[in-house]
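If you scroll down you'll find the structure; I have some questions about it.
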Amino acid sequence: MRVVVTIEARFTRTPDGAIWTQTGQDHQFWSGYLTAFDQVRAVARVRDVAEPAAEAKRVDGPDVEVWPVPYYLGPYRYLAHRAAIGRAVRASAGPRDAVILRAPSPIGTILAAVRDRLRLPYAMEVVGDPSDLFAPGVVDHPLRPVLRRLYVDRLRRQCRSAVGAAYVTDRFLQSRYPTAPGAVNVAVSDVDLAPVAYVDTARPAAPTRRPTTLISVGSLEQRYKGIDTVIAALAALTATSRAVRLVHIGDGRYRSELVDLARRYGVADRVVFTGALPGGDAVRRELDAADLFVMPSRTEGMPRALIEAMARALPAIGSTVGGIPELLPPGSLVPPDDPGRWADAIAALLDQPERMAADSARNLSRARDFSADLLTARRNAYYRAVAEATAERTGQPTRKRTGPGTGQRGRAGAATRSLA
């Protein structure tokens, strides 16, 4: 059985037809589905380039293919290419395919409508919340309130219609987007950390280094990550003569706006934008050199960047959105868009070396819940359940698969129903 998976990723294609990614959805990621399926077809945006980026990884390969969708970025370009996008997505899956929609997703919404109309099954992987994604201050679009209601309603309807849903959070997304009674329901984070991601021990209690280094990670293509809030908080901290700086890993179209913001606040010399780093050791070196991880996001699912920082035993402060409260205790949470409270929370934590050490130990322990070695079985069980439900609904036999995908991508979480 083939599985068709929609994803809001952006891939590139070189003249030889090879598909490449600079994110984590490389061939190894997609091979994880081969534990339950014979083939994987990823449906994603693809644009043509002359050559792959320096750190790009191959997506397609043995038993994994990419079904290209016209490339777009943002609501305006999606609407401009909507007809061509729709044609590509509608042709991506046949009646005997299993379908998994990684949501929220305009691409997934198109395919869900097709499957609903034909009374064909599909399953979900809920990786984010459109209510937060289209919240005020996150997206600049005149139709933002309409899009917010539209995508929230659609995701709720899709989860109720699906044969099963996997959520990247333990509780948050499940409460907003529940499945129908009897459907497979599993909490299974798509964050998976290899042993090299972890440090051996927590950080000891010690006076904070001067200057203190705050670090944040995330794309700057949208305003989701709230880095403007931390820059404003940094200015407030600097005004109290604190020696503190911010390092941000990530790039995007709003980088120049944030550079200008730091200049206006008078902290341009205290903010470093590294740009996009290749991941792995390069990111871990920056995390290890920092004192405190900050995540002032306006929207999140289960944030990989925060978990990776926790695996380096970094103390952390995060916003009160999405899956962040499932990772950090209440004392380490601050509402988004409130620079004053962020400044106060950062100052209070930096003034308590014992608490910094305790948070370091706690975060390292919590991050171990996302070890790939521990969690592969949970993810595989969900895929097998989707394959069985699809076979039952489409009248075809289920083929048990043991192949190259086995054990390659772990996931975290707890399940209900037959996967508990």
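Only helices (runs of 4 or more DSSP H) wholly contained in region 231-326 count here; list those with 1 or more residues that are of a type in the set (S, T, N, Q) and more than 27 Å from ARG203 (Cβ to Cβ).
Here the list reads 255-264.
Now a separate question. So which residues in region 91-113 are of a type in the set (D, E, K, R) and surrounded by fewer than 23 Cβ atoms within 10 Å (Cβ to Cβ)? Break it down into steps so the answer makes sense when it comes.
Filtering region 91-113 down to residues of a type in the set (D, E, K, R) leaves 96-97, 102.
The answer is ARG96, ASP97.
Continuing with the same structure: Can you spot a residue in region 116-137 that is touching a strand residue (DSSP E or B) at 6+ places or on another chain (Cβ under 8 Å), surrounded by fewer than 21 Cβ atoms within 10 Å (Cβ to Cβ) and over 21 Å from ALA387 (Cα atoms)?
No.
Could you grab me the full set of residues in region 251-265 that are touching a Phe, Trp or Tyr at 6+ places or on another chain (Cβ under 8 Å) and not acidic (Asp, Glu)?
ARG255, LEU258, VAL259
Out of the residues in region 268-298 that are at pLDDT below 95 and out of contact with any strand residue (DSSP E or B) (no Cβ under 9 Å at 6 or more places or on another chain), which is surrounded by the fewest Cβ atoms within 10 Å (Cβ to Cβ)?
Ranking the candidates gives ASP281 first.
Related question: Return only the number of the condition from (1) more than 20 Å from SER297 (Cβ to Cβ); (2) touching a residue at least 12 places away in the same chain (Cβ under 8 Å); (3) not β-branched (Val, Ile, Thr) that ARG149 does not satisfy.
(2)
Do you know which residues across region 204-230 are part of a loop (DSSP other than H, G, I, E, B) and of a type in the set (D, E, K, R)?
ARG209, ARG210, GLU221, ARG223, LYS225
Yes/no per residue for (1) among the acidic types (Asp, Glu); (2) under 14 Å from ARG298 (Cβ atoms):
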position	(1), (2)
ALA206	no, no
THR212	no, no
SER216	no, yes
ALA235	no, no
ALA243	no, no
LEU246	no, no
ASP251	yes, no
TYR254	no, yes
ASP260	yes, no
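Continuing with this model, one more query. Within the bounds of region 302-322, is there any residue that is surrounded by fewer than 22 Cβ atoms within 10 Å (Cβ to Cβ) and under 30 Å from PRO121 (Cβ atoms)?
Taking every residue of region 302-322 in turn, at least one turns out to be surrounded by fewer than 22 Cβ atoms within 10 Å (Cβ to Cβ) and under 30 Å from PRO121 (Cβ atoms).
Now for a different question. Search region 51-90 for residues being touching a residue at least 40 places away in the same chain (Cβ under 8 Å) and assigned to a strand (DSSP E or B), and hand back the single one that is surrounded by the most Cβ atoms within 10 Å (Cβ to Cβ).
VAL66
Which number in (1) modelled with pLDDT of 95 or more; (2) surrounded by fewer than 18 Cβ atoms within 10 Å (Cβ to Cβ) marks the one condition that TRP30 misses?
Failing condition for TRP30: (2).
Of these, ALA236, ALA202, which one is touching a helix residue (DSSP H, G or I) at 6+ places or on another chain (Cβ under 6 Å) and more than 25 Å from VAL321 (Cβ to Cβ)?
Numbers: ALA236 fails: more than 25 Å from VAL321 (Cβ to Cβ).
Of ALA236, ALA202, the one residue that is touching a helix residue (DSSP H, G or I) at 6+ places or on another chain (Cβ under 6 Å) and more than 25 Å from VAL321 (Cβ to Cβ) is ALA202.
Which of the strands (runs of 3 or more DSSP E) found entirely inside region 110-203 contain at least 2 residues meeting this: under 22 Å from GLY94 (Cα atoms) and outside the structural domain of LEU292 (by TED's automatic domain parsing)?
123-126, 164-167
List pairs: first residue in region 165-176 and of a type in the set (D, E, K, R), second residue not in a helix (DSSP H, G or I) anywhere in the structure, Cβ distance under 8 angstrom, at least six positions apart or on different chains.
Within 8 Å, the pairs are ASP170/ALA187; ASP170/GLY323; ASP170/GLY413; ASP170/ALA414; ARG171/ALA187; ARG176/ASP129.
Could you please give the count of residues in region 347-361 that are surrounded by fewer than 19 Cβ atoms within 10 Å (Cβ to Cβ) and either in a helix (DSSP H, G or I) or modelled with pLDDT under 85 (or both)?
Count: 8.
The values are calculated or read from the model by the stated rules, or taken from the named source; none is laboratory data. Source: prediction; values computed, not measured. Here the Cβ is made from the backbone with ideal geometry for all residues, glycine too, and neighbour counts use every protein chain on show.
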